[in-house]
Amino acid sequence: MPEIVDFKCLRCGHEFTGPYDKRMPIERSCPKCNSNSVRKIKKPIKK
Ligand SMILES: [Zn+2]
């Protein structure tokens, strides 16, 4: 089951969330600038 995690674009700094499957990492691109320099980030869930 993929989990919903946070991603951050290293190019424009845009942060977004999406499903991530550890067993099958897929190439991601930033929805804002279309760069593929996207990293999964860990941060606590906001309340
Ligand atoms: Zn971007």
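All of the numbers you see were taken from the coordinates with simple rules; none came from a lab. The structure presented is a predicted model; accordingly, all values stated were derived computationally and were not measured. With ideal geometry, Cβ positions are generated from the backbone for all residues, glycine too; neighbour counts draw on all protein chains shown.
Here are some notes:
- In terms of other Cβ atoms within 10 Å, Val38, Val5 run from fewest to most in the order Val5, Val38.
- Panel values: the chain, Kirkwood radius from alpha carbon pairs, Stokes-Einstein at 10 °C and 1.306 mPa s, translational diffusion coefficient 144 µm²/s.
- Compared with the alpha-carbon gap, the fully stretched path from Glu27 to Glu15 is longer by 2.7 nm at 0.36 nm per residue.
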